[in-house]
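The values are calculated or read from the model by the stated rules, or taken from the named source; none is laboratory data. None of these values were measured; they are calculated from a predicted model. So basically every Cβ, Gly included, is an ideal-geometry build from the backbone, and we count neighbours across all protein chains shown.
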Amino acid sequence: MPKKPVRKPASDPPEPRETLFGDITPQDELSLGRPGETFEDIRADIGDCVRCPLHEGRHTIVHTEGKPTARLMFVGEAPGADEDASGRPFVGRAGQLLNKIIEAIGLKREDVLIGNVNRCRPPGNRTPTTEEAHTCKPFLLREINIARPDVIVVLGNTAMKNLLDTKEGITRLRGQFQDYRGIKVMPTFHPAYLLRDPSKKREVWDDMKKVRDYLNSTKA
């Protein structure tokens, strides 16, 4: 398969554009959403991205996957080693646990959307820097704009802060629906955290029951 062309940032980034989620300052023209665009269009715009330093150590760009019209979307922080190797989000041990969480509320993985704020693995699985997150976030917002899910579950502190632009911690906001431009956002613990502290599974189950009940109550 021919390699996608490398898409380098423009020297002078364009002015912020007003979107469904407020003003976004893109890194270049390729980061701007377009009316009627698709997930495939966004992937094409990303190309072999070199917009931030994370491209230097990655093996694969890990894109959002799942049902484009899903009512439920999960957003994590960034890919790990298994995801970097496979090119798919949440396929390691944390991903296997996420699959069980999804099934526990009566859905399957193929029924939802799953992605991350950052699409490239940070070295040593460190937390992405603010600049790295801001560089990649516009692509996620464009996908949300296309899918318009009823609920987004943000997994973990970093993903929550990046998506909601909040300084509050996950322990304060988890379990409480946040209204994000008309879309319900449920912050909860990341599955990787649950692997380290299984005692928190009960809290995540409580959060997911709220998500399930909300989806059921708004079903057409």
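Assorted remarks:
- When 162, 99 are checked against the criterion of being over 20 Å from residue 41 (Cα atoms) and surrounded by fewer than 19 Cβ atoms within 10 Å (Cβ to Cβ), a single residue qualifies: 99.
- The set of residues from the stretch 55-84 being over 30 Å from residue 184 (Cβ atoms) and assigned to a helix (DSSP H, G or I) comprises 55, 56, 81, 84.
- Some residue of the stretch 186-199 being out of contact with any helix residue (DSSP H, G or I) (no Cβ under 6 Å at 6 or more places or on another chain) and at positive phi: no
- The criterion of at least 1 residues that are touching a Gly at 6+ places or on another chain (Cβ under 9 Å) and on the phi < 0 side of the Ramachandran plot is met by the following strands (runs of 3 or more DSSP E) wholly inside the stretch 85-184: 113-116, 151-155.
- Selection from the stretch 185-218 of residues that are outside any helix (DSSP H, G or I) and either basic (Lys, Arg) or exposed (fewer than 12 other Cβ atoms within 10 Å of the Cβ) (or both): 197, 218
- Residues in the stretch 125-184 that are of a type in the set (Asp, Glu) and in contact (Cβ under 8 Å) with a residue 24 or more places away in the chain were compared, and the one that is farthest from residue 98 (Cα to Cα) is 131.
- Summed over the stretch 66-81, residues that are surrounded by 18 or more Cβ atoms within 10 Å (Cβ to Cβ) and either farther than 14 Å from residue 152 by Cα or aliphatic (A, V, I, L, M) (or both) total 7.
- Residues that are crowded, with 20+ Cβ neighbours inside 10 Å, at pLDDT 95 or above, within 26 Å of residue 200 (Cα to Cα) and of a type in the set (Val, Ile, Thr) occur in the stretch 116-131; there is at least one.
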